[in-house]
Each structure stands twice: as structure tokens, then as C-alpha cells.
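Single-structure report; data block below.
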Amino acid sequence: MLLKPLTIKNLKLKNRLVMAPMCMYVSDDQGFVQPFHPIHYGTRAIGGVGLIIQEATAVHPAGRITGGDLGIWLDEHISGLKEIVKAIHDNGAYAGIQLNHAGRKARVPGAVAPSAIPYSPKHQTPKEMTEADILATILDFQKAALRANQAGYDMLELHAAHGYLLHEFLSPNTNHRTDVYGDRKKFFTDVVKAIREVWPMEKVFAVRFSGSEFVPNGVTDLWLAELINETKHLGIDLIDVSSGGNMIEQEIDLYPGYQLPFAKTIKALTKLPTIGGGLIDNLQFANQALINEEADLIYLGRLLLREPYYIINHANRELKEDVPYPEPYLRGKK
Ligand SMILES: Cc1cc2nc3c(=O)[nH]c(=O)nc-3n(C[C@H](O)[C@H](O)[C@H](O)COP(=O)(O)O)c2cc1C
């Protein structure tokens with residue numbers, strides 16, 4: 001199943017393998033694309049993955065995790081981002097972008113959050129957002145989505161996982177507001193609506209969630225399924241299921257595929273396609289997860305950092321099926 005094509009709206013994927021979004025933190029403190037980025041993403045495209053989701057890309061300078069985050073808060077960012085898209089397209093994959101605001105986990109000055117609760121003693125205490133701040137941030141996401149379309153991305157993923165701003169609004173542990181945004185679903189819903197006003201309906205819109213916070217009282221896969229069912233009519237096409245990141249006290253049991261159970265629940269309860277994974281380091285395991293209906297697509301993260309050509313080099317042995325080998329590299333094929 002892993003190597004079977006799958007169509008989701010505009011994405012006519014050649015296989016079910018996705019490169020997970022992974023921050024590289026090598027931008028120039030202004031969010032601009034560096035020579036590293038098109039090479040990094042283009043290499044993974046050569047390596048045979050069907051869809052690449054670019055790292056968390058900040059919609060506002062104060063919403064960066066670090067000064068090295070890629071940015072999309074300026075029109076001037078678009079031309080560099082186009083180079084990433086071109087490197088991915090030229091080498092046979094689709095290009096997705098993950099839009100993020102780091103909220104209270106920003107390690108640059110000016111962190112904001114739903115409530116003034118620091119993530120850890122080492123993090124700054126964020127400013128509690130006013131309603132005006134919230135409305136401005138919704139617009140930041142909308143303008144970023146417009147730029148992502150201008151840059152040519154095929155897929156947009158809203159980062160609502162890992163304890164960043166969207167997740168902070170969703171969680172009772174980090175959203176203690178008493179105004180309308182104390183309704184934990186409201187900020188998320190408003191951002192989805194704003195993005196969908198400008199992100200073409202024919203292009204896939206995905207959301208990444210944390211299926212568990214690994215502490216009592218956190219957001220759960222069941223609660224998220226309810227949220228997704230209430231909002232999917234706005235134009236959510238795909239759910240990327242991760243976990244954790246909101247609470248420093250989390251205790252995670254790590255094992256290959258440790259996030260798949262959350263993807264499976266969300267897939268079953270929402271009937272939307274899901275991307276699942278976590279610590280997957282071989283294709284047979286990934287294939288079995290699809291057979292078990294745990295997800296529709298599998299993301300690979302760290303495996304593709306250490307071995308960008310893993311898929312083309314190992315599909316044959318692990319899946320007993322060949323994938324097209326890059327023509328210029330044929331003389332190196334084993
Ligand atoms: C270096 C690195 C950077 C990451 N950056 C992001 C990110 O920008 N956005 C995100 O949603 N997840 C991020 N993650 C999490 C990955 O997308 C993925 O969910 C996680 O690594 C588990 O998959 P894996 O075990 O296959 O690596 C990052 C992980 C790593 C290792």
C-alpha cells in the first residue's frame with residue numbers, strides 16, 4: 001500500500017510517504033530562505049518521498065521559535081520560498097508549508113499567549129493577548145496563506161500541535177481566558193476560516209494536532225475528533241497527527257509508531273485522511289500501519305534527516321517492490 005498512488009484534491013501523490021515538517025533553524029534572523037533550504041528539501045524530493053511539508057514557518061517575527069526560523073510575514077519572503085518549491089517540484093514531489101506562531105514557546109523577544117503562563121522556568125512569561133492582538137494574529141495567518149499560495153505551495157498545514165499558539169488556545173492547561181476566546185475552539189476556528197478565505201479550495205488544507213498532551217486534563221484525540229467534526233466543513237482536508245509539546249511535565253512512552261494510535265482514532269471518528277508516524281525507521285513498518293488502517297499517509301522525520309535516499313534505496317528489499325531510481329544516479333544503484 002505504501003507505494004500506491006493516492007489523490008487528495010490537487011495532490012496526486014505517487015506514494016504514501018511524507019517528509020515531516022522539521023525546523024532547521026538556519027535562516028538569517030530575518031526569516032529569509034538561505035542556500036541550504038532548496039538543497040535540503042530538493043535532496044529529500046530526489047529521495048522519493050511523495051509530499052514534503054516544509055518546516056514550521058513563522059507568520060510573525062514574534063511568533064518564531066528561534067531567530068533561525070523561516071518566515072512568511074513579509075512579501076519579500078516569497079521569492080526565496082519559491083526556490084524551495086521549485087527544488088521540490090523539479091525533483092518529483094509536492095510541496096507543503098507549515099504555518100506557525102510559536103506563542104509562549106517563542107525564544108525571541110515579545111512572546112504572546114492566550115494566558116500569561118510561561119512554558120518553563122527558562123522561557124519568558126508571555127503577554128496575555130488582547131482581543132486586538134488576537135484579531136491581528138488571525139490576519140497574520142491569512143496574509144501568510146496568501147503568500148504561500150503566491151509562492152506556489154501545493155498544500156498548507158496549520159500548526160496546531162506541540163504547544164505553539166494554536167495548541168495553547170485549544171488546551172485547558174494553557175487557555176485560562178474568560179472572554180470569548182476562553183471558548184477553546186474559537187481561535188482555531190477563526191484562523192481556519194481566515195485561511196480558507198484566501199487558500200484556494202482546490203488545494204489541500206491540513207492541520208497538525210497533538211493527539212495527547214501526556215498529562216491529565218490535556219487535549220485528547222477524542223476531543224480533537226469532536227473539534228474536527230465541527231469544523232471540517234470549513235475546508236479541512238487532511239489531519240497530520242503528532243503529540244505532546246504543550247506541557248513541560250509530559251511523560252511520553254516512546255516506541256516505533258507511538259503516535260499512530262491517535263491518528264487511528266481521529267481517522268476513524270472524523271473519516272478524514274490522516275498522516276501518522278513517529279520513530280518509524282523502516283518501510284515495512286510504515287506499510288503495515290497503512291494496512292492496519294492506522295493512517296492514510298506516513299510521515300518520516302529523523303530517518304530522512306540521516307538518510308535522505310532511504311526510500312529509493314530500501315523499498316526494493318523491504319517492500320519487494322522497486323521505486324523509480326533517479327536517472328542520474330542509476331550507476332550507483334545497488
Ligand atoms: C529536527 C526536528 C525538527 C522538528 N520541527 C518540527 C516542525 O517544524 N514542525 C512540526 O510539526 N514538527 C516538528 N518536528 C517533529 C517531526 O515533524 C516529527 O513529528 C517527529 O520528529 C516524529 O517523527 P520521526 O520520529 O519520524 O522523526 C521536528 C522534529 C525534529 C527531529
| request: Could you pull out the residue among I291, I311 that is within 16 Å of the ligand (Cβ to nearest atom), modelled with pLDDT of 95 or more and among the aliphatic types (A, V, I, L, M)? | output: I311
| Assuming T7 fulfils every condition listed in (1) touching a residue at least 40 places away in the same chain (Cβ under 8 Å); (2) open to solvent by 10 Å² or more (accessible area, probe 1.4 Å); (3) not in a helix (DSSP H, G or I) apart from one, which condition is it? | (1)
| query | Of everything in the range 234-263 that's closer than 19 Å to G163 by Cα and open to solvent by 40 Å² or more (accessible area, probe 1.4 Å), which residue is farthest from the ligand (Cβ to nearest atom)? | reply | E249
| Subset of the range 299-314 [farther than 29 Å from V207 by Cβ and open to solvent by less than 20 Å² (accessible area, probe 1.4 Å)] | I312
| message | Let me spell it out: the conditions are (1) under 18 Å from the mean Cα position of the chain (by Cα); (2) within 15 Å of the ligand (Cβ to nearest atom), and F214 meets all of them except one. Which number is the exception? | response | (1)
| query | Within the range 239-257, is even one residue without any contact (Cβ under 8 Å) to a residue 24 or more places away in the chain, more than 16 Å from the chain's Cα centre (by Cα), under 19 Å from V18 (Cβ atoms) and not in a helix (DSSP H, G or I)? | reply | no
| query | How do the pairs read when you match residues in the range 293-307 that are touching a residue at least 60 places away in the same chain (Cβ under 8 Å) and part of a loop (DSSP other than H, G, I, E, B) with residues anywhere that are small (G, A, S) and near the ligand (Cβ under 7 Å from one of its atoms), using Cβ under 9 Å and keeping only pairs 6 or more apart or on different chains? | reply | G301/A20; G301/G277; G301/G278
| query | Within the range 196-222, which residues are touching a residue at least 60 places away in the same chain (Cβ under 8 Å) and either farther than 26 Å from N173 by Cα or in contact with a Ser or Thr (Cβ under 8 Å, 6 or more places away or on another chain) (or both)? | reply | E202, K203, V204, R208
| task | Return yes or no: is E230 over 17 Å from the mean Cα position of the chain (by Cα), acidic (D, E), open to solvent by 10 Å² or more (accessible area, probe 1.4 Å) and within 15 Å of T270 (Cβ to Cβ)? | result | yes
| query | Given (1) closer than 21 Å to H167 by Cβ; (2) away from the ligand (no atom under 11 Å from the Cβ); (3) open to solvent by 10 Å² or more (accessible area, probe 1.4 Å), where does D296 come up short, assuming only one miss? | reply | (1)
| task | Name, by its number, the condition in (1) touching a Ser or Thr at 6+ places or on another chain (Cβ under 8 Å); (2) more than 13 Å from the ligand (Cβ to nearest atom); (3) not in a helix (DSSP H, G or I) that does not hold for I266. | result | (3)
| Can you pull out the helices (runs of 4 or more DSSP H) entirely within the range 115-217 that have at least 1 residues that are farther than 25 Å from G277 by Cα, open to solvent by 40 Å² or more (accessible area, probe 1.4 Å) and in contact with a Pro (Cβ under 9 Å, 6 or more places away or on another chain)? | 131-151
| Given I117, I72, which one is of a type in the set (V, I, T) and within 16 Å of the ligand (Cβ to nearest atom)? | I72
| note | V323: passes all of (1) at pLDDT 95 or above; (2) over 30 Å from N173 (Cβ atoms) but (1)
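The values are calculated or read from the model by the stated rules, or taken from the named source; none is laboratory data. Everything numeric in this text was worked out from a predicted model, so none of it was measured. Quick reminder, even Gly has a Cβ in these numbers, built from the backbone with ideal geometry, and neighbours come from all protein chains shown. All accessible areas refer to the heavy atoms of the entire protein, side chains included, with ligands and DNA or RNA removed. Shrake-Rupley method; radii C 1.70, N 1.55, O 1.52, S 1.80 Å.
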